[in-house]
1. Grab the strands (runs of 3 or more DSSP E) fully contained in segment 364-445, keeping just those with 3 or more residues being more than 21 Å from residue 617 (Cα to Cα).
2. Only one residue in 404, 382 is within 20 Å of residue 503 (Cβ to Cβ) and free of Cβ contacts under 8 Å to residues at least 60 places away in the same chain, so which one is that?
3. What are the residues in segment 221-237 that are surrounded by 21 or more Cβ atoms within 10 Å (Cβ to Cβ) and either over 18 Å from residue 301 (Cβ atoms) or in contact with a strand residue (DSSP E or B) (Cβ under 6 Å, 6 or more places away or on another chain) (or both), if any?
4. Would segment 579-586 turn up any residue that is touching a helix residue (DSSP H, G or I) at 6+ places or on another chain (Cβ under 7 Å) and closer than 16 Å to residue 480 by Cα?
5. Scan segment 238-253 residue by residue and report those that are in contact with a strand residue (DSSP E or B) (Cβ under 9 Å, 6 or more places away or on another chain), buried (at least 16 other Cβ atoms within 10 Å of the Cβ) and modelled with pLDDT under 90.
6. Looking only at helices (runs of 4 or more DSSP H) that fall completely inside segment 30-137, which ones have 1 or more residues that are under 24 Å from residue 213 (Cα atoms) and touching a residue at least 40 places away in the same chain (Cβ under 8 Å)?
7. Looking at (1) assigned to a loop (DSSP other than H, G, I, E, B); (2) at pLDDT 95 or above; (3) crowded, with 23+ Cβ neighbours inside 10 Å, which is the only condition residue 541 fails?
8. Examine segment 303-319 for a residue that is under 21 Å from residue 390 (Cβ atoms), over 27 Å from the mean Cα position of the chain (by Cα) and not in a loop (DSSP other than H, G, I, E, B), and state whether such a residue exists.
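The values are calculated or read from the model by the stated rules, or taken from the named source; none is laboratory data. Computed from a prediction, not measured in an experiment: that's the story for all the values here. Here the Cβ is made from the backbone with ideal geometry for all residues, glycine too, and neighbour counts use every protein chain on show.
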């Protein structure tokens, strides 16, 4: 263990700060005791980044709110059991007890277990003996403080740390716990679900907003405060993490005087406008316009003045960034764009401005086409640099499938993507150089061979199939992967199939409409089976239609394109990952054989990696 366990006991006499407001109040100076545990440095399972920070910060804020603190960092099983016993002894009937745990938690047979750092769990049967039942905290509270108020907060809903082992039967997250009289139980996410996991920030996502609520909104009732926390977590995770709570409270409780901290909305909005007029937008002494408007919205999420205020801040940063770019003031432009991202990471202006910044200041110019040399001195496929950026992924517009949800924000690093879909000529060159088997329609002995086969499956396509400037079809995911590996060996750069997120980001090119040009398919903008108004019965020569704003051709229709991401029936994060094997992979773009609806930027379907489809090809990506 990197950090020794120690317990800190602090008593701060502050007012209990509860009032009667439709429910009985606790006594004015009711004793408050909190047991705070953060377990991070696990010895036998994956360690975590946030829990010790979470515990330290919870201690600081609860001390200021009048709690006597028992603090445990990286607690062993014996330490945790002793702490729970001591916690029970410190509780006083009619007071407030709070137990907070951040770390690994598991559920077995509908019971929840908190995992100590020294737990050596090799089978599911070990869990009960190597961990501590969360019910012990409830039992101590119920026995020692039956007439007071008890709060249990578990930020322990992370993924099963034993994934990939024999314990695959364990359910994710925590089981529901019944709340005895006078008790509130809160989880970082819904029962039987895992949270977003460890955050790259100082605190976990849930605890970050819990701390903000305790610092900034202690005058709200605890139920209202946790509701606000839940809405903030849902917003940051795009609905992938939904905190849960259950209560049987008989007292209204606020961490500070109930109601005394409600802001005067008119006064607050005037202060926001003063900050804005002084250009204290996202930084500055004495408060900022962004923080001020967010405080208003925390109380009134539909406040039109505050929403317009945020829009005004965004517009001002856009204006300043454009001016800085025109004046070639790179550092200033970067600073304004960083603050624009802070105000609204989904700003429709952000991708274009960041692309211009990259174009002006990066040798790998966004939108610039290039070709890498192969070992024989010839050129590889034509590629286009795609700028780093952030976008909303999924079915933003109506008309999509359920697998396009949830709509969520994704950040993408700079990469390159094929300017065109890989052509017949480019793929057959690879086949000749490596001896890799030919596409299905040229494979010797195959019933689908266009000259010797018995099937007319491909023969009907004629020159649209064999013309060297048409996109290759009849190749599997394994074939497409073999091609990009060969391209990497030939050029010395890392070529891959694009991830699903990279593909959609590049296809949208900063837009949020159904197609990159708008919500109507129009006429002769893409090649599809019906509804596109094009003149092609099968595939079209690559580059037959106008390119999107990133300079890419045929990102809507013509042929489906393999990605390296595993298909799931809703977004779970796998859309941002490459995998080497899966039962189903995502294919994107639409094709000559599907109607216009399937050519939307958000459309996704699945393909089996061994199957060679007559309307599926590939567009290579390069990441290094």
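1. By residue number, 389-393, 408-412.
2. 382
3. 222, 226
4. Yes, the conditions are met somewhere in segment 579-586.
5. Answer for segment 238-253, where residues must be in contact with a strand residue (DSSP E or B) (Cβ under 9 Å, 6 or more places away or on another chain), buried (at least 16 other Cβ atoms within 10 Å of the Cβ) and modelled with pLDDT under 90: 238, 240, 249, 251, 252, 253.
6. Output list reads 51-64.
7. Just one mismatch for residue 541, condition (3).
8. Yes: one or more hits.
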